[in-house]
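Student: Please see the structure below; I have some questions.
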Amino acid sequence: MYRNVGRLIAVLLFLFFAGGVAQDLLANDNVPAHTVVVTDARGRSVHVPLPVARLVLLNSDALEVVSALGAMNMVAGVPQTVAEDPFWKNRVGEMQAVGRWNEPNYEVIATLSPSAVIAYAHQPGDELERKMASFGITVVRLDFYRISTLKREVETLGRILEREEAASRLVEWYRRAELSIVERVRDCPVRPSVYIESYSDYHTAGPGSGAHEMCILAGGRNIAENFTIPYSEITGEWVLSQQPDVIVKAANIIGGKLSDTSRRLSELRNRITQRPAWERLRAVRQDRVYVMANDIWTGPRAIIGVAHMAAWMYPERFRGNDPEELHRRYCKDFQGVIYEGCCVYPIPGGVR
Amino acid sequence: MAGETGTLIRRYRRLNARKLFVLVALFAIMIGFALVGLTQGSANLGWKGAIESLWRNTGDAHAIIWNLRLPRIAMAVVAGWGLALAGTVFQAILRNPLASPYTLGIASSAGFGAVAAIVTGTGFYNEYVIAGNAFLCALFSSFLILGVARMKGSTTETLVLAGIAIMFLFSSLSSLFQYMGTKEEVHAIVFWFFGSLSKVGWKEIGMASAMVFVPCPFIYRMSLDFNLLAVDDESAVSMGVNIGKTRIVALVLASLITAGAICFIGVIGFIGLVSPHIARMIVGGDHRYLFPTAALLGSSLVLAADTVGRTLWAPQVIPIGIVTSFIGVPFLFYLLMRRRKEYW
């Protein structure tokens with residue numbers, strides 16, 4: 001009897017110590033090999049423990065960059081809207097939806113146990129950091145929608161995911177595409193004036209918006225360059241008084257099937273040209289009204305939007321240049337998908 | 001006795017003459033605001049140029065006046081008129097100073113209709129779908145209120161409570177759509193709730209005017225019934241008013257007017273609440289004068305708000321829904337502080 005009790009105690013002691021050692025070993029596994037310090041979109045220094053094994057993204061633009069860096073296998077959670085986007089629908093598979101970009105489901109994120117969460121600079125608010133801190137999850141704020149900070153943010157993400165080489169390749173591609181535009185428009189004596197209209201009618205995109213940056217990079221002069229509100233309401237009369245050379249309108253359309261997208265984009269364009277008194281606009285008279293789908297309106301593919309804008313502003317200098325070809329190459333080389341849609345109207349080179 | 005009656009009649013006539021004078025003065029003020037609005041804008045046409053362009057085809061200036069400034073002014077008049085009139089009707093039939101197209105949930109449901117059209121995608125490409133949806137939802141909520149009104153033992157308080165409940169319901173449904181929408185859709189929804197006169201053309205004004213002005217004579221014909229309703233239901237019934245029918249007809253007409261006023265321009269708050277109160281302070285509770293006074297005040301307020309909104313920070317436009325509250329609230333406070341008697 002006593003011998004059996006002794007054996008039982010011995011077994012329990014063994015299990016207790018063995019468990020403790022195993023836990024220690026596991027714990028040692030969780031100790032980060034090293035930490036990378038990055039500056040996020042809020043200008044804060046964030047310590048990210050490496051390696052990052054699992055990632056939750058609240059930002060669909062971040063998903064595109066992660067995909068371009070070949071790190072989709074790290075993604076555990078994606079924003080809700082991604083599942084409805086034809087560009088992503090078949091690619092995110094069984095990935096867990098974690099709520100909206102500005103209102104995530106913290107409980108779902110916690111159960112996914114990611115190493116890091118990538119979110120926009122200001123949405124959601126500071127509560128994201130506070131809630132994630134209790135689970136030991138690092139929050140990194142990266143926007144990826146501004147062309148002026150895109151390259152730096154891609155490099156930052158490359159460091160976090162330890163995909164520096166892929167990040168350099170993507171940044172280099174951006175740089176080359178940008179350079180080919182900038183070089184052609186650099187010595188232009190007069191910059192064409194552009195009225196940029198955001199998704200809502202009669203709301204322009206001024207300084208502080210991603211579209212304003214795109215216009216400047218494309219060599220244009222935004223007629224709202226002195227505005228203090230990024231997305232201000234304006235009057236049709238003001239546009240008439242400014243007589244812009246070119247009008248660019250953002251469409252809340254995802255560039256899906258070519259025929260469908262073109263029809264919707266052309267409808268939107270017709271509505272702009274038929275606005276009261278706008279037939280007197282130089283841009284309308286000269287048929288220089290263009291519509292751009294939100295695939296390439298800011299975000300990681302904004303450079304393709306910039307290439308379109310530049311071609312619209314300087315048709316002579318970009319003759320024979322097809323920005324949609326740039327788009328197809330990007331999709332093939334960095335996203336691994338064959339892209340056959342069209343994100344602008346009128347379609348460059350006419351109906352395909 | 002005959003002398004006393006004669007004095008009373010003379011006083012009554014004097015009072016009516018004073019009210020008529022107020023109406024004429026308010027009409028002149030409205031025209032004045034419209035003229036100021038007509039001459040202000042980014043194109044710097046000046047007073048003379050703007051007025052001249054009304055009659056003479058001066059090229060761009062003529063197009064600016066006729067296609068851009070006048071539609072804004074006309075829509076401001078229609079929207080202000082409609083919201084103020086609807087607010088006065090709601091306050092009269094419910095005998096409640098808090099009643100307005102907003103507190104009864106009719107504006108919220110119209111807003112929900114617009115939001116649903118924006119988020120489901122169709123609305124982006126056709127503003128008529130947004131307007132149609134807004135109208136249908138406004139009618140739906142007014143029928144809901146009617147349903148409550150027909151319930152046994154329903155009082156005016158029940159109606160106001162039902163209205164507030166409907167307002168919360170549709171506000172929540174709008175928030176749900178906003179929550180489900182993409183960043184771009186949220187953007188569009190937010191701007192719809194700010195209100196804007198920039199989008200309207202003559203076609204929209206034609207439709208909105210029909211919805212706002214066609215019911216006006218019918219409402220005006222019920223003025224005396226509303227006067228009796230203001231005393232109490234018993235007195236109204238004893239004087240031969242079919243209170244059930246009056247309330248139902250007035251509710252449907254006021255819903256139609258509300259939908260017409262906001263379906264093309266988005267939400268312009270406060271006018272439907274503040275104009276009837278200001279009008280009541282000026283001309284008293286006689287609905288024969290109260291209706292036109294409130295309507296003229298509503299139009300004048302929206303006109304003034306639009307001119308301020310597009311000139312104060314030009315060329316950036318401060319949304320009309322924000323400016324109406326900025327102008328209307330201090331004005332109401334000023335009148336409340338200066339009032340010498342109970343007006344409600």
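Student: Please get the size of the charge dipole for the protein assembly as shown, origin at its Cα centre, with Cβ charges of +1 on Lys and Arg and -1 on Asp and Glu, quoted in debye to the nearest 20. Present the calculation step by step, with values, prior to reporting the outcome.
Tutor: Details: 67 positive and 56 negative charges, 400 e Å.
Charge dipole of the protein assembly as shown: 1920 debye, to the nearest 20.
Student: To continue, here is another question. Accessible area of residue B:58, 1.4 Å probe, to the nearest 10 Å²?
Tutor: Its heavy atoms expose roughly 50 Å² to the probe.
Student: How crowded by other chains is A:223-236, given as the mean number of beta carbons from other chains within 10 Å of each beta carbon?
Tutor: 5
Student: I would also like to ask the following. Report the B-A buried area as the accessible area lost on both sides summed, probe 1.4 Å, in Å² to the nearest 100. Don't skip to the end; give the middle numbers.
Tutor: Details: alone 16670 and 17490 Å², together 30870 Å².
Buried area between the two chains comes out at roughly 3300 Å².
Student: With the dipole of chain A worked out from charges on the C-beta (+1 for Lys and Arg, -1 for Asp and Glu) around the Cα centre, which of A:250, A:161, A:76 lies farthest toward the positive end?
Tutor: A:250
Student: Please work out how much accessible surface residue B:20 shows to a 1.4 Å probe, ignoring ligands, DNA and RNA, in Å² rounded to 10.
Tutor: 90 Å²
Student: Along the charge dipole of the protein assembly as shown, pointing to its positive end and built from +1/-1 on Cβ of Lys, Arg, Asp and Glu, which listed residue (B:270, A:41, A:192) has its Cα farthest out?
Tutor: B:270
Student: Counting helices only, and only those DSSP H runs with n ≥ 4, report the 222 nm mean residue ellipticity of the protein assembly as shown as the sum of -39,500 (n - 2.57) divided by its residues, in deg cm²/dmol to the nearest 500.
Tutor: Numbers: 28 runs with 405 residues, N = 696.
Result for the protein assembly as shown, helices only: -19000 deg cm²/dmol.
Student: Taking only protein heavy atoms and a 1.4 Å probe, what accessible area per residue, in Å², does chain B have with all protein chains in place? Write down the numbers at each step before the final one.
Tutor: On the way: 15050 Å² over 344 residues.
Averaged over the residues of chain B, the accessible area is 44 Å².
Student: Another question about this same structure. Show me, for the stretch B:41-54, the HN-Hα J-couplings you get by feeding each phi into the Karplus relation (A = 6.51, B = -1.76, C = 1.60, θ = phi - 60°), rounded to Hz, glycine and proline as x.
Tutor: Each residue of the stretch B:41-54 in turn: x, 5, 7, 6, 7, x, 4, 5, x, 5, 5, 4, 5, 5 Hz.
Student: Could you please put A:131, B:48, A:332, A:249 in sequence from largest to smallest accessible area, using a 1.4 Å probe? Can you show the working numbers first?
Tutor: Working: A:131 90, B:48 160, A:332 125, A:249 0 Å².
Correct descending sequence by accessible area is B:48, A:332, A:131, A:249.
Student: Sticking with this one: Provide a whole-number value for the mean count of partner chain Cβ atoms within 10 Å of the Cβ atoms in peptide B:41-47. Please report the intermediate quantities before stating the final value.
Tutor: Details: counts 5, 9, 6, 1, 2, 0, 0.
Average per residue, whole number: 3.
Student: In debye to the nearest 20, how big a dipole does chain B give about its Cα centre with +1 on each Lys and Arg Cβ and -1 on each Asp and Glu Cβ?
Tutor: Values: 26 positive and 15 negative charges, 207 e Å.
That gives a dipole near 1000 debye.
Student: What number of lysine-lysine pairs in the protein assembly as shown show an alpha-carbon separation below 29 angstrom, given a sequence spacing of 8 or more or placement on distinct chains?
Tutor: Lysine pairs satisfying the spacing and distance rule in the protein assembly as shown number 22.
Student: Another one. Counting only the heavy atoms of the protein chains, how much of residue B:56 is accessible to a 1.4 Å probe, in Å² to the nearest 10?
Tutor: Its accessible surface works out to 130 Å², give or take rounding.
Student: On to the next question. Within 10 Å of each Cβ in peptide A:239-246, how many partner chain Cβ atoms are there on average? Round it to a whole number, please. Could the numbers behind the result be given before it?
Tutor: Numbers: counts 3, 8, 8, 3, 1, 0, 0, 0.
That works out to 3 on average.
Student: Still on this structure, I have one more. Search the structure for amide H atoms under 5 Å from the amide H of residue B:105, placed 1.01 Å from N in the peptide plane, and list their residues when 5 or more places away or on another chain.
Tutor: Those qualifying (amide H under 5 Å, at least 5 residues apart or on another chain) are B:167.
Student: Same structure again: In a shell of Cβ-Cβ distance under 13 Å around residue B:251, excluding residue B:251 itself, what net charge do Lys and Arg (+1) and Asp and Glu (-1) give? Please report the intermediate quantities before stating the final value.
Tutor: Numbers: positive: B:150, B:245, B:247; negative: none.
My count for the surroundings of residue B:251 gives +3.
Student: Hey, in the GNM for chain B with a 10 angstrom Cα cutoff, which one of B:239, B:207, B:222 fluctuates hardest?
Tutor: Judging by the Gaussian network model, the answer is B:239.
Student: Once amide H atoms are placed 1.01 Å from N in the peptide plane, what residues at a sequence separation of 5 or more from residue A:193, or on another chain, have their amide H within under 5 Å of its amide H?
Tutor: A:221, A:245, A:246
Student: Right, another one. From Cα pairs below 8 angstrom and at least 6 apart in sequence, can you work out the relative contact order of chain B, rounded to a whole percent?
Tutor: Numbers: 517 pairs, mean separation 97.6, N = 344.
Over chain B, the number comes to 28 percent.
Student: Same structure again: Under the rule of at least 5 residues apart or a separate chain, name every residue whose amide H is placed under 5 Å from the amide H of residue B:313.
Tutor: The list, which skips near neighbours in sequence, is B:318.
The values are calculated or read from the model by the stated rules, or taken from the named source; none is laboratory data. Given the structure is predicted, the values throughout are model-derived calculations rather than measurements. Note that we place each Cβ from the backbone using ideal geometry, even for glycine, and neighbour counts take in every protein chain shown. Just so you know, the surface numbers come from the protein's heavy atoms only, side chains and all, with ligands and any DNA or RNA stripped out. Shrake-Rupley method; radii C 1.70, N 1.55, O 1.52, S 1.80 Å.
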